[in-house]
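Single-structure report; data block below.
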Amino acid sequence: MAHQACEALVPVVIGLTIDEAVGTGSAGALLRWLLVLAGLFLVLSTCYRISARFAEGAGESAAHRIRQDLAARVLDPRGGADTGRLPGALTAVATGDARRVGSVASALPYALSALTGLAVSAVALLRTSVPLGLLVLLGVPPLLWIGHLISRPLERRSEAEQEHAAHASGVAADLVAGLRVLKGIGAEGAAVARYRETSRSSLASALRAANSRAWHDGAILALTGVFIAVIGLVGAHLAMRGTISVGDLVAAVGLAQYLLGPFQLLTYVNGEFAQARASADRIAEVLASPPAVAAGTTPLPSPVAGRLRLRGLTHGALRGLDLDVAPGSVVGVVSRDPAAANDLLLCLGREREPDAGTVELDGVPLADLDPGEARRAVLVAHHDADLFEDSLLANVRAGADDDAADVAPALAAAAADDVAEALPDGVHTVLAERGRSLSGGQRQRVALARALAADPPVLVVHDPTTAVDTVTEARIAVRLRELRRGRTTLLVTTSPALLAGTDVVVVLDGGTVVAEGSHPELAASHETYRSAVLA
């Protein structure tokens, strides 16, 4: 604001210099006004450098805080933020949209400074000529209102641009994550065609938004140009009539030229606000996403024995599932329908509320527990668990409560110690993103070691050895049972080696339990079990 005020005073000082120094031929007055002019430039340049840094810092800080809020919502144990959204789309919201909304904090000081410049100019023109001052005071509000109307198409197209960009980002992330699978089934062509179509749609939307921004800026500049020309003509007319002096005319014309700066700032701010409003809507949708599960308040039983009891559990492919799991037992769960297995994992991990029925832990319904507390007691290790771009040891310790915990037993039980021995720096070898520097079987063993290192009262593991060779799988089955002795373990799998080491196996078909027994008994007497496990 000080910078713009000094900028507005520059033509005023020049006008005074003409009237009091040039017009009179006074060298002393000329020197005095030149020193005043130099002081103005010193102040305005210093103020701009300092305030611009503050404004940019405010914008970055605001965007960072928005990203933190988005991250907190996405990582909220209650879930729900990712419902109906691709991971890449959430990333686009947390980057592009957060940056645009954060830029409001940078643009606001420029808007206030522009209004200050207009106010100082109006006062200066009023002192020079009441008609000129009134022209500015009465002409600026309609210009701002017209600018707001002109920005509405830009706001709509900016929202569409961000939607298409987020979708393209989500599709790209989705395709990259499944690149190996796409190559394996020969679907690269279809994937490329899908992304090309999405990318072209995003490009077209971006071009429409850019075109709208160009029309917006051009229209605002045309209006302000006409307004400034009117001020100049009125000033010239007043000077010709002798109402104002030559110095006043120079000051008036200089102020009219100066006004282009504040109007350009307001045009920039108006465009930033229009785009930020569209991004703010998208951010608000994520932050206001309804949670997938409710936050219970009942405390966990202490200590947690690990007894699970499912009654009438209905969700997705599950149809009235009843199941009892004794504390400290190792139970195998075999499902012919992968969807039923996945729905069971979602309910046990409190990632989704069941449509009907209950899941109880030591007699306490999981729905009454806080999701974070429930997951510390019942840990669900999904088949597609991701690894981090960190050392193998850090990946395994990520599951433990203590960063200095001894994870050697977990590494040995998952046969991940063999993986470490094959790496150049052992357990300290840094893995690539998502563990892509490892083979499929190696990634599975490290992920299993991470789940075992957490040592929860109840561990639910889903197909942890599908990419592991038979010999290693048999070794893992023996070591896993030994390590989990006294702790409840559910193995949702069709691996004969793992199922052979369980206390009991439960067979699901049609979303409910159809058989229960030991692995040898079921393999000998149950056709559904044989077709799922031994085929």
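One residue alone among SER103, SER51 is farther than 22 Å from SER169 by Cα, hydroxyl-bearing (Ser, Thr, Tyr) and assigned by TED's automatic domain parsing to the domain that holds LEU16, and that residue is SER51.
Among the residues of region 336-378, the one identified as touching a residue at least 60 places away in the same chain (Cβ under 8 Å), under 29 Å from SER531 (Cα atoms) and under 25 Å from the mean Cα position of the chain (by Cα) is GLY349. For ILE244, the criteria (1) in a helix (DSSP H, G or I); (2) touching a Leu at 6+ places or on another chain (Cβ under 7 Å) hold in every case but one, which is (1).
The residue that is surrounded by the most Cβ atoms within 10 Å (Cβ to Cβ), counting only those in region 407-432 that are charged (D, E, K, R) and within 22 Å of PRO464 (Cα to Cα), is ASP417. Examine region 405-415 for a residue that is modelled with pLDDT under 95, on the phi < 0 side of the Ramachandran plot, outside any loop (DSSP other than H, G, I, E, B) and touching a Ser or Thr at 6+ places or on another chain (Cβ under 6 Å), and state whether such a residue exists. Scanning region 405-415 turns up no residue that is modelled with pLDDT under 95, on the phi < 0 side of the Ramachandran plot, outside any loop (DSSP other than H, G, I, E, B) and touching a Ser or Thr at 6+ places or on another chain (Cβ under 6 Å). In the set (1) in contact with a Leu (Cβ under 9 Å, 6 or more places away or on another chain); (2) buried (at least 18 other Cβ atoms within 10 Å of the Cβ); (3) among the β-branched types (Val, Ile, Thr), the condition left unmet by VAL101 is number (1).
Please verify whether region 313-329 includes one or more residues that are in contact (Cβ under 8 Å) with a residue 24 or more places away in the chain, within 30 Å of the chain's Cα centre (by Cα) and either outside the structural domain of ALA55 (by TED's automatic domain parsing) or in a loop (DSSP other than H, G, I, E, B) (or both). Within region 313-329 (the criterion being in contact (Cβ under 8 Å) with a residue 24 or more places away in the chain, within 30 Å of the chain's Cα centre (by Cα) and either outside the structural domain of ALA55 (by TED's automatic domain parsing) or in a loop (DSSP other than H, G, I, E, B) (or both)), the answer is yes, since at least one residue qualifies.
With respect to the stated conditions, VAL460 is surrounded by 23 or more Cβ atoms within 10 Å (Cβ to Cβ), modelled with pLDDT of 95 or more and within 21 Å of VAL533 (Cα to Cα). Of the listed requirements (1) touching a residue at least 40 places away in the same chain (Cβ under 8 Å); (2) touching a helix residue (DSSP H, G or I) at 6+ places or on another chain (Cβ under 7 Å); (3) over 30 Å from SER302 (Cβ atoms); (4) not assigned by TED's automatic domain parsing to the domain that holds VAL304, GLU433 misses just one: (2).
Of all residues in region 251-270, at least one satisfies being farther than 30 Å from THR24 by Cβ and of a type in the set (Phe, Trp, Tyr).
Can you find a residue that is assigned to a helix (DSSP H, G or I) and either at pLDDT 95 or above or not assigned by TED's automatic domain parsing to the domain that holds GLY372 (or both) anywhere in region 74-85? Looking through region 74-85, at least one residue is assigned to a helix (DSSP H, G or I) and either at pLDDT 95 or above or not assigned by TED's automatic domain parsing to the domain that holds GLY372 (or both).
For region 379-392, the set of residues classified as in contact with a Ser or Thr (Cβ under 9 Å, 6 or more places away or on another chain) and either of a type in the set (A, V, I, L, M, F, W, C) or farther than 30 Å from PRO338 by Cβ (or both) consists of SER391, LEU392, listed by residue number. Any idea which of (1) among the hydrophobic types (A, V, I, L, M, F, W, C); (2) assigned by TED's automatic domain parsing to the domain that holds LEU118; (3) surrounded by fewer than 19 Cβ atoms within 10 Å (Cβ to Cβ) is the one ILE283 doesn't satisfy? All conditions pass for ILE283, except number (3).
Number of residues in region 272-294 that are touching a Ser or Thr at 6+ places or on another chain (Cβ under 7 Å) and not in a loop (DSSP other than H, G, I, E, B): the value is 5. Could you count how many residues in region 41-59 are within 32 Å of the chain's Cα centre (by Cα) and surrounded by 15 or more Cβ atoms within 10 Å (Cβ to Cβ)? Going through region 41-59 one residue at a time, the tally reaches 4. Checked against (1) in contact (Cβ under 8 Å) with a residue 24 or more places away in the chain; (2) farther than 30 Å from LEU411 by Cβ; (3) not in a helix (DSSP H, G or I), TYR529 passes all but a single condition, namely (3).
Being among the β-branched types (Val, Ile, Thr) and within 20 Å of ARG434 (Cβ to Cβ) is the filter; apply it to region 155-202 and report the residue that is modelled with the lowest pLDDT. Quick ask: steps written out before the conclusion?
Of the residues in region 155-202, the ones among the β-branched types (Val, Ile, Thr) are 171, 176, 181, 185, 192, 198.
Next, from what is left, pick out any that are within 20 Å of ARG434 (Cβ to Cβ): 171, 176, 181, 185.
Working: VAL171: 73, VAL176: 69, VAL181: 61, ILE185: 70.
Among those residues, the one meeting the criterion is VAL181.
Restricting region 497-517 to residues that are touching a His at 6+ places or on another chain (Cβ under 7 Å) and not in a strand (DSSP E or B), the residue that is surrounded by the most Cβ atoms within 10 Å (Cβ to Cβ) is LEU499. Among residues of region 1-36 being over 50 Å from the mean Cα position of the chain (by Cα) and within 20 Å of LEU260 (Cβ to Cβ), the one that is surrounded by the most Cβ atoms within 10 Å (Cβ to Cβ) is GLY15. Here ALA71 passes the criteria (1) aliphatic (A, V, I, L, M); (2) part of a helix (DSSP H, G or I); (3) crowded, with 18+ Cβ neighbours inside 10 Å except the one numbered (3). The conditions of being acidic (Asp, Glu) and under 25 Å from GLY306 (Cα atoms) are not met by ASP418.
The values are calculated or read from the model by the stated rules, or taken from the named source; none is laboratory data. The shown structure was predicted, so the numbers you read here are calculated from the model rather than taken from an experiment. Heads up, the Cβs are rebuilt from the backbone with ideal geometry, glycines too, and the neighbour counts pull from every protein chain shown.
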